[in-house]
Structures are given as C-alpha cells and as structure tokens.
Amino acid sequence: MTSPGLNDDRIEAMRGSVMTAVDRDIRRRGRRARRAIGLTAASVLVVGVGGYALSSIDLQGSSSSSEASSSSESSSSLDSEGSDAAGGRADAPTNKRLGGTTNRAVPDADRQVVTTGSVSVTVTRPRQVAARLSTYVEGIGGRVDDRSESGDGEDATATLRVRVPATKVAATIARLEEQGTVEDVSLENQDVTSVSQDLDARIDALEISVDRLESILGASETSKEVIAAESALTKRQEQLESLQSQRRSLAGQVELSTITIDLAQEPRVDSVEPGGFSGGLRDGWNGLVTTVNAVVEVAGRLLPWAAVAVVVAGAVRLVTRRRAHG
C-alpha cells in the first residue's frame, strides 16, 4: 500500500486546518478567561460595597447605642437620685445606719417626748395671777403663746397657753399650787423618737441626693441633660426644705411643752359648815348678818310709805286743831 504524496496544496490545507483549530481553542480559552475575570471583578465589587455598607451600619449602630447608653445612664442616674429621696429611702450606708439605730434600744435620756397638758386652778385674783405666771414662764426660758382675761369680781377668769421647757413642767405646776387651789391636772406624753429618727434619715438621704444632682448638673453637656438635672434638683430641694421644717417643728415641741392654764375666781364663803365653837360662831354671825340685811331691806321698803304717813298725819292734826279753835 502506498502513502499519498504530500504536495504543497496538501500541506497548506493541513496547516489551515491546524491553525483553525488553534484559533478556535484560543477564542474558547479567551472567553473563559474573560468570564473568570468578570466574575472575579464582580465578586470584588460586591464584597467591597457590602463591607462598606456593613461598616457604615456598624458605625451608626455603635453611635446610636453609645448615645442611648449615655442617655440611659443619665436618666437612670437622675431617676435613682429621685427615687432614693422621694420615696424616703436612704442610700446603702444610710440604710445600714438606720437599721442599726432602729433595731437597738434607745436610751431613755435620748428619747424624744412631746408633753402637752392642761391645769385648772381657782385663785383669788385671776388677772393678777395671770400676770405673775406670764413673768414666771418667760423667766424660765418659756413663752406665752396666748393669754385672755374676762369678767370681774366673782366672774373673773383668765386663760393662758404657755410653752415651758420640758424639764420645768413639774416646777410650773408647783408654782400654780402656790398661787391657788389646783383643781385638775391633765398631762400627756407622746414618744416621737421613731418619727424624729425617720425624719433625720430622710433628710440625710435627700442631702446626699442633692449633692449628687449638683455634681450631675455641673457635668451636664447638653441642654437636655441640664434641664433634666435642674428639674430633679428643684424637686429634691423642695422636699428637703419641707422635711427640715417638719424636723424643726418637732424639735420645738419636744424642747418646749405646751400647757393650757385655766384660772377661775375662788367663790366667796356665804356660809360655813358647822364645826365646834368656831363653826357655831360663824353660823351665828351669818344669821345676824342675814337678819340685819332683811331688816334693812324691809326698812328701805317701808320708809317711803312712812314718810307719806307722817305727812298725812301732820295734815290731819293741823286741820283738827283749826276746827277746835274755831
């Protein structure tokens, strides 16, 4: 068998066929390369845009979270200051101190007691006694809150409402016994130790709250924070002043006891109960006085009639004499 001969046309045809196949393969590989490059570029673009978006979202979220956290901390701080004082609850150290104070027994010398009372006294001259008592009360460090006087003679009365030091209540009653007859004494003691301790604790808590709110106000940077701090501080200061006023009033009631003194005129003795010679003598004297008073009264009533009778009798006698001479 013989091989076909290779002439120029045959060689050229074979070369064209090979080059065509090579060109086809190159174009196929070029398309694959461009496709891979395009996919790679698209992936890079998508990843870059997504990363930028995510970073932007993260920055915005962290900023909002930071602002929210700052606002929440400021608000919770102000609320905490308000709740501690408005509800009357002390901070942790104060609560601990309160627990120790209320749980242990308070010595009698440290107890807070408010004493009020009234005394009824019969005296010979209520107005003069009222003046002397006013001078006495002021002399022992007390004061007269109210004084009224009325009537005269047997109807004379006087009333005083005095504030005397708690340690001078017994001495004041003894002084009244020297001025007259003490008819009735009524005293009431009210233990306010727990009330005063509660007020002291609440005042301490509010003072701490006010100090903290002043610090918060000084550190505030935005107008919103300043307004919130000022509002909370104003409320705490008003509550503090109210409690301090109550505490001063309670301390004044403990220091000075309130006593109402009623002074009445001592009745005159119209008769004396029988009792031996002196009693009989007084009874005889009272009877004599009564009889004399009755005689005088009758004489006073008859005197006008006696005068008229004398005038009439004189006229009758004069007429009778004239007729006898005529």
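The values are calculated or read from the model by the stated rules, or taken from the named source; none is laboratory data. Predicted model, so just to flag it, every value in this text is computed and none were measured. Glycine gets a Cβ as well: all are built from the backbone with ideal geometry, and neighbour counts include every protein chain shown. Just so you know, the surface numbers come from the protein's heavy atoms only, side chains and all, with ligands and any DNA or RNA stripped out. Shrake-Rupley method; radii C 1.70, N 1.55, O 1.52, S 1.80 Å.
Summary of computed values
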read-out: Filter result for Gln112 (open to solvent by 40 Å² or more (accessible area, probe 1.4 Å) and touching a helix residue (DSSP H, G or I) at 6+ places or on another chain (Cβ under 7 Å)); value: yes
read-out: Among residues of the range 169-206, those that are open to solvent by less than 80 Å² (accessible area, probe 1.4 Å), within 18 Å of Val254 (Cα to Cα) and charged (D, E, K, R), counted; value: 3
read-out: Which numbered condition Leu318 fails, given (1) closer than 30 Å to Val123 by Cα; (2) at pLDDT below 85; (3) of a type in the set (A, V, I, L, M); value: (1)
read-out: Condition broken by Val296, with the remaining ones in (1) assigned to a helix (DSSP H, G or I); (2) at pLDDT 85 or above satisfied; value: (2)
read-out: Answer from Leu240, Leu233 - the residue that is out of contact with any Lys or Arg (no Cβ under 6 Å at 6 or more places or on another chain), without any contact (Cβ under 8 Å) to a residue 40 or more places away in the chain and buried (at least 16 other Cβ atoms within 10 Å of the Cβ); value: Leu233
read-out: Unmet criterion (only one of (1) crowded, with 17+ Cβ neighbours inside 10 Å; (2) farther than 30 Å from Val129 by Cα; (3) more than 21 Å from the chain's Cα centre (by Cα)) for Ser209; value: (3)
read-out: 3 or more residues on the phi > 0 side of the Ramachandran plot: qualifying strands (runs of 3 or more DSSP E) within the range 155-265; value: none
